[in-house]
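Undergrad: Dropping the structure in here first, questions after.
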């Protein structure tokens, strides 16, 4: 249902810096510098946090990776999102150069009843950020 940002400036006593409510299913998180990548593998009516859930049969529903700026740990801000076929169940960060990150996305299995995830869908999704 979202994520929690911790202040670990004192590793012996980590403190909650903020909580972000942002529903979307799995919620796998990767962090690179001031960017947080958040997996969404349950259909939503739009990309933004707070968007109502949709159904897998809705071809316009959003699934993918939401991106947040966490430079202000007390107030993370939504930056944008990248749609992926079959959503993003698990994301793995692969650092690129100083200005580029790559996110490997693993999704749920294809199904004839999901318009954005038809059989065969065994492709690998890789997102390049910025």
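The values are calculated or read from the model by the stated rules, or taken from the named source; none is laboratory data. Just so it is clear, the model here is predicted, and its values are computed rather than measured. Neighbour counts run over all protein chains shown; Cβ positions are idealised from the backbone, glycine included.
Undergrad: Give me the pairs: first residue in the range 67-84 and farther than 16 Å from residue 32 by Cα, second residue at pLDDT 95 or above, beta-carbon distance under 7 Å, and six or more apart or on different chains, which are they?
TA: Hits for this filter: 74/17; 74/18; 75/18.
Undergrad: Being over 12 Å from residue 82 (Cα atoms) and in a strand (DSSP E or B) is the filter here, so list the residues in the range 42-67 that pass it.
TA: Listed by number, the residues that qualify are 42, 43, 44, 53.
Undergrad: A further question on this structure: Taking the condition of being under 30 Å from residue 46 (Cα atoms) and more than 14 Å from the chain's Cα centre (by Cα), how many residues in the range 8-34 meet it? Before you say what the answer is, go through the steps one by one.
TA: We begin by selecting, within the range 8-34, every residue under 30 Å from residue 46 (Cα atoms); these are 16-34.
The next check asks that each one be more than 14 Å from the chain's Cα centre (by Cα); those that pass are 16-19, 33-34.
Total meeting the criteria: 6.
Undergrad: Name the residue that is surrounded by the fewest Cβ atoms within 10 Å (Cβ to Cβ), counting only residues in the range 85-110 that are over 14 Å from residue 25 (Cα atoms) and in contact (Cβ under 8 Å) with a residue 40 or more places away in the chain.
TA: Only one residue tops the list, namely 95.
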